[in-house]
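Down below is the structure, laid out as structure tokens.
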Amino acid sequence: MYVHLIFYILIVIPTWCLLAEHDSTSEHRCFHQPASECRPNDLCRCHQLKDIKRAAVCCDVNKFTLTEGLACANITVDGQVEALHIRNATLDVLNVTQPVWKRLKYMTITDGQINSLVGEFAKLSSVSCLNLSSNGIKNFAQRSLVNLFNLSFLDLSHNNLTSVPRFKKEGSVILDISDNPYMLCTSLLDTLKKREVNVSNEDVTFCLSSKTFHWFNSTEKLPISQVQGLLEIEENCIENCTCQPYRMEIVLGKQPIFSVAVNCSGVNLLSLPTPLPPHTVSLNITNNNITSLQELGDPSYQHLMFLYADNNQISTIQQMEGTKFMSNFVVLSLKNNKIKEFETYLLSNIKFYRTSDSMRYINLGHNKLHCDCKTAKEFKVWLLSKLEHVPDYDAIGCDNMDVKIMELEQTKLCQSQQDWTDYIYYIITAEVLLLIGLIAKVSYDYWVFKTAGYLPWPASKMPKLPCDWLCE
């Protein structure tokens, strides 16, 4: 019985204190000592603990007293201390390059005032559990933690971080990033993409979306559960394509909805991909071999507003007629395709100002249309009325002549039709004049006959007709 008690005191208790980080249900505080372990009247601000081997505590230190205290307590590179808790440290910067940290396995710095971490842990550092909570830390140097290859738990809670610092890419890490009021969702999402990162205290972990989704005027606070849902957008994407959150739609009384941007550029597509992920608003299919826009009628395209289809083989936009995209679109980019005729009637009833400050744009540059009188009369006129909505209007050309659409002249392309019209007018005018002359001549002949009794020439030379007796 005494043997078991001694084993519990000497082995179990120290092991529980030093290795708590391996229990996923614990508070994950690494090696942590209460404030009662501090010695206010001790000139040496650090001391090794008697009841726990290879462990030490430092209290109320600054840049100078920390260095002195570590030396005073024999916490050095060659020392035996493997677990260290520093309480109430007041430091403008904490330099983690110091060799003294290399031997530590459990490093805890809490309840202090530290502005930033600089330097980087030495290579082959032994730290497996790092607790830097409750210090008001604002930023880390870029490579501060990258050499901690043994890291299994990282506590950065209760600080003022805007981004998660970089740490090792391989192996499982438990991360506590709770209560960082300025944490941005973009950084947290990038961290969660490391599939072996497990977040602790999820219920109190939030991030800001205002800088992630740039057109929010107010700051939106998102729970980490919703941020984790963004990973599903990427995981459930179309094969060979990439999917990214585009923006967050907030509706009162409902859960926020993340719209999606899909990028399928340069993957040898022959047709538009279907189905699109739910709430897809942007699709990039540039640099493929797509020949038709027929799939725009698919129900999964009902939310699409931005379509970038440059450098394909599309020959017409006629398939867009009747689709929801026609009423929803903000950008339609069809540069460098095979369009020969542009059906302007499809867009004639569309308002090109969605709101007072939101315009629609169509890119058609480097298409070669078949140019004729109709192109000059209809398409060029339409283009002139929509110059601010077609930024590359001056790059649209003709396939049957070496001119740009903006250089077409109706007087030349419609020359034959205009000439025939002019001749008809001339003929009609001549006929009217001849008719007037004939009536005048007949009237004159009649007057001469009645007054002089004879017919003037040429009426006198004309043979009599059966109806002449009417005049006699």
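Here are the numbers:
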quantity	calculated
Rg/Rg_ref, region 72-132, where Rg_ref = 2.2 N^0.38 Å and atoms are Cα	1.07
Sorted by Cβ neighbour density within 10 Å, fewest at the top, the residues 101, 382, 447	447, 382, 101
Positive-pole candidate from 414, 76, 208, dipole of the chain, charges at beta carbon	76
In Å, descending, principal axis extents of the Cα set of region 263-413	51, 38, 22
Cα-Cα P(r), region 322-403, percent of pairs per 10 Å interval	17, 52, 27, 5
Summed residue charge, Cβ within 10 Å of residue 80's Cβ, Lys/Arg positive, Asp/Glu negative	+1
CD proxy at 222 nm, helix term only [per DSSP H run n ≥ 4: -39500 (n - 2.57); per residue of the chain; nearest 500]	-6000 deg cm²/dmol
Cβ charges +1 (Lys, Arg) and -1 (Asp, Glu), total dipole of the chain, debye	620 debye
Fraction of antiparallel bridges per DSSP, the chain only, in percent to nearest 5	25 percent
Label-point gap, in nm, between residue 67 and residue 53 - each point 7 angstrom along Cα→Cβ	3.3 nm
Tensor-based shape of region 284-331 (alpha-carbon gyration tensor, a/c under 1.5 rounded, otherwise prolate or oblate)	prolate
Net lengthening on full extension, residue 404/residue 239 (0.36 nm per residue, minus Cα-Cα)	55.5 nm
Cα-based shape type of region 231-331, given that a ≥ b ≥ c are square roots of the gyration tensor eigenvalues and the cut on a/c is 1.5	oblate
Amide H partners (placed H, <5 Å) of residue 163, local residues excluded	184
Alpha carbon centroid spacing (whole Å) that separates region 144-193 from region 95-116	16 Å
Where chymotrypsin sites (Phe, Trp or Tyr not before Pro) fall in DSSP loop in region 111-191, at most 10 other Cβ within 10 Å	none
Pairwise centroid distance, computed over Cα atoms, of region 309-356 with region 262-307, Å	14 Å
Extreme residue, positive dipole direction of region 263-413, given options 339, 379, 264 (C-beta unit charges)	379
Read-out Cα extents along the principal axes in Å, derived from the coordinates shown; its label in (i) 73, 52, 49; (ii) 91, 54, 39; (iii) 164, 45, 43	(iii)
Cα gyration tensor, region 92-196 - rounded (a/c under 1.5), prolate or oblate	oblate
Debye, to nearest 20: dipole size of region 263-413, +1 on Lys, Arg Cβ, -1 on Asp, Glu Cβ	160 debye
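Read the figures in this text as sums done on the coordinates, not as results from a lab. None of the values given here were measured: they were computed from a predicted structure. Cβ atoms come from the backbone with ideal geometry, glycine included; neighbour counts cover every protein chain shown.
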